[in-house]
Every structure is written in C-alpha cells, then in structure tokens.
1. How high is the relative contact order of segment 84-239, given as a whole-number percent (alpha carbon pairs under 8 Å, six or more residues apart)?
2. Using the Cα centre of segment 59-178 as origin and beta-carbon charges of +1 (Lys, Arg) and -1 (Asp, Glu), tell me which of Gly99, Phe176, Asn144 is placed farthest towards the positive end of the dipole.
3. Sort Val204, Val183, Val260 by accessible area with a 1.4 Å probe, largest first.
4. Give me the net charge for the shell around Phe231: Cβ to Cβ below 14 angstrom, other residues only, Lys and Arg +1, Asp and Glu -1.
5. For segment 83-161 and segment 166-186, compute the distance between their C-alpha centroids and round to whole Å.
6. Per residue, how much accessible area does segment 185-254 show when a 1.4 Å probe rolls over the protein heavy atoms, in square angstrom?
7. Carbon and sulfur atoms: what percent of the 1.4 Å accessible area of segment 206-291 do they account for?
8. Quick check: from the Cα gyration tensor, does segment 236-288 come out rounded (a/c under 1.5), prolate or oblate?
Amino acid sequence: MLYVWGTVLLLLAVSFASLDVNHSSREFVAKAPSPASVAGNSSFNYLSQWGSYGGPMTPNGVVVDSSGNVYIADAKNYAIDKLARDGSFITAWGSQGSGPSHFNNPQGVALDSLGNVYVSDSVNNNIQKFTSSGSFIISWNSWNGTNVLKNPLGLSVNATGFVYVVDQGDQRVQIFRNNGSYVGSIGGPGATLGKFLTPYGVAVDSSGFVYVSDTAAKSGNITKFTKTGSFVLAWGGLNSGGTLAAPAMMAVDSASNIYVSDLSFNRVQKFGTSTGNLILTFGSAGSSPGQFNGPVGVALDGPLNVYVGDSNNYRVQKFRATFTLLIRGTIGFRSFQSREHFNWPGEQLAQEMGSSMVHLE
C-alpha cells in the first residue's frame, strides 16, 4: 500500500496535477493528465468535551474565531466563556442582570470580521456588542422605531457587518447594522413558504444567503433567502418529507454546506444548500461522548471541526472531520487501488503532497 501511495504521489508530481477538494460532495479527483483518481467520504468522530469552568455550564450558542478560540453563551452562569482551541480557559465576562455586560439568558453568539462579539439575550430582549476580550461597546433592543425585540435567539453577522437576529416573538429575522441601526426584516408570521411559526436559528454564508430554522412541529424547515430577504428554498421538516423535527442553531462551512442541530432528535445533520440534500448525520440521544441531550449551538473552525453546545448535558463537544479516500489508477497495464485515511484533507494532503500541489475549492 505504501509503495502504491508513493507511486501515486510520484505520478501526480511528474504530471503537475492538483487535487480539487469539493466540500459539498467530499470527492477528490486528480486533474488530467494524471492517471490517478481519488474519491472519498466524510464522517465526524468525537474528539473532546468541555463543561466546567468554576461550575457547570449550560451552553446555548457557540462560535469560533479565526485563531480557533471558542466563545460560548453560558445561560447557567449568565456569561460568555472564551476558551482556547484546546479547551483551556482564557476569560469570561458577564453576570446576572439587565444592564451593560449583564445577561439573564444569553442565547446566540456571533463574530464580525473585526472579532467583535455579539450576544442575544432572550430575557433581556436585547443584543449586546463586545470586543473579543469582553469590553462592552453598545447594546440595542428596538427595531423599526418603537418595536422591541421579543425573545431574540440565533444571530449571525455577514461579511459586511450586517447583523441578523431571530426575533422569535415577532416571527421574523431582524437586520441591523453593526451599530444597532435598523435595516429591515425577513419573514413574518405564517405557515406559507418564506414565513415562520417558531424561528430559532439564523446563519449567513459567504455569498450572503441567509438560512433560518423553524422549530415548530408544523414546519421544522430550513429556509434559504437572498441577503435582501427574497425566498429561495425550504427543506428538512418532517411534514415535507425531511429529517428535521426541531432544528435549532446552524453553521455554514466555506462550501456553503450547513450544519443543523436538532433539539428533538438529539443529533446534528449536514445538508447541501443548493437543493437541501442530506449529506450526513451524527449523534444520538444520551450523555456518553458523541451523544446529545438538547443540542443548541453549532460552530465550525478552519479545519472543519464541529463544536456543539450540548445544553442539557452541560458541555460543549468537539468533533473532528475524518475522511476515507479510495485511490485508483493505472501503472502501465496494471490497475491499482489503495485506501487511505485522513483527518481533514486540506491540512493533511498539503503535508503529504506539498501545498503547491493541493488546490482547495
């Protein structure tokens, strides 16, 4: 096997081929003129968990910055916890109350391109903005004049700094600038496509598309909108033949695949966002490593590790993406086949083949 793998690398090197990584299908194909091709599929394996920093936590939203630091909305301790990529404690801020830097039920947490931290509070009905070290910047709670947010939950910030907030009580997503000024809204009450019954999470991809989850039993859908709020697609709910019962918060990867936590089925599912196709599922009900009891927040880091706020198990769990690659090719008149295993191919293939030969789409 090692001889074959070495031969494949040599052939690829001689032919100056590159590997394309298609994140949506996880297929790896060596470009012509190389005679070798690579195909594979992904799964997620439990890696570690974190759950107590001076006392048990109740994690809701989770987000990861470009350095791998993890921010957790901790409802039990009325705080935002900031951890290093290995789970070691960096800092925390917040205490119970309704003023600046105080929380009563922190729910969603999101980052902008400058590293500022945004937190929704479903009891205080506001959004607070902080620096990455926890210094308070600003807060707001109103939209369209005198209307006040009602049970804000998930939130997300797009590449240009617009803040999208699930306003569950008003059954819509509110859009703000990063200084709190109101821009507009998406959705509204109703059971028709593009409307919401019980919206919960929101995510924005790199192209500006907006995704909103609806936990209502009569919906269960993920709905996709343009950045200005035009309906694109809905999928996932049991009533529409899908696999989601109570989708909560979400995260989108660099290929616009979306990862969705399900409060009822206690699992995370990954979907393609072009058609809403199910790609994979991991997790089940329970308290063992890799199991969930009320998963809420979902986040991704650069190497596509997945972080899940396992709320009723009082912990955040980290999962590593792993891949099995099947390499096929022909040497002379002889065919060969070799199976190799990688932890996240972007880093591993770059190490094995040299970064100049790896092209990530």
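The values are calculated or read from the model by the stated rules, or taken from the named source; none is laboratory data. All figures in this text were calculated on a predicted structure; none of them were measured in a lab. Counting neighbours? That spans all protein chains shown, and the Cβs are built from the backbone with ideal geometry, glycine included. Ligands, DNA and RNA are excluded from the accessible area calculation, which covers all protein heavy atoms including side chains. Shrake-Rupley method; radii C 1.70, N 1.55, O 1.52, S 1.80 Å.
1. Numbers: 377 pairs, mean separation 19.3, N = 156.
In percent, rounded to a whole number, it is 12.
2. About the Cα centre, the residue reaching furthest to the positive side is Asn144.
3. Values: Val204 25, Val183 65, Val260 0 Å².
If we order Val204, Val183, Val260 from most to least accessible, we get Val183, Val204, Val260.
4. Values: positive: Arg172, Lys195, Lys224, Lys227; negative: Asp214.
Net local charge, Phe231 excluded: +3.
5. 14 Å
6. Numbers: 2650 Å² over 70 residues.
Here the per-residue accessible area is 38 Å².
7. Details: 1610 of 3240 Å².
C and S atoms contribute 50 percent here.
8. oblate
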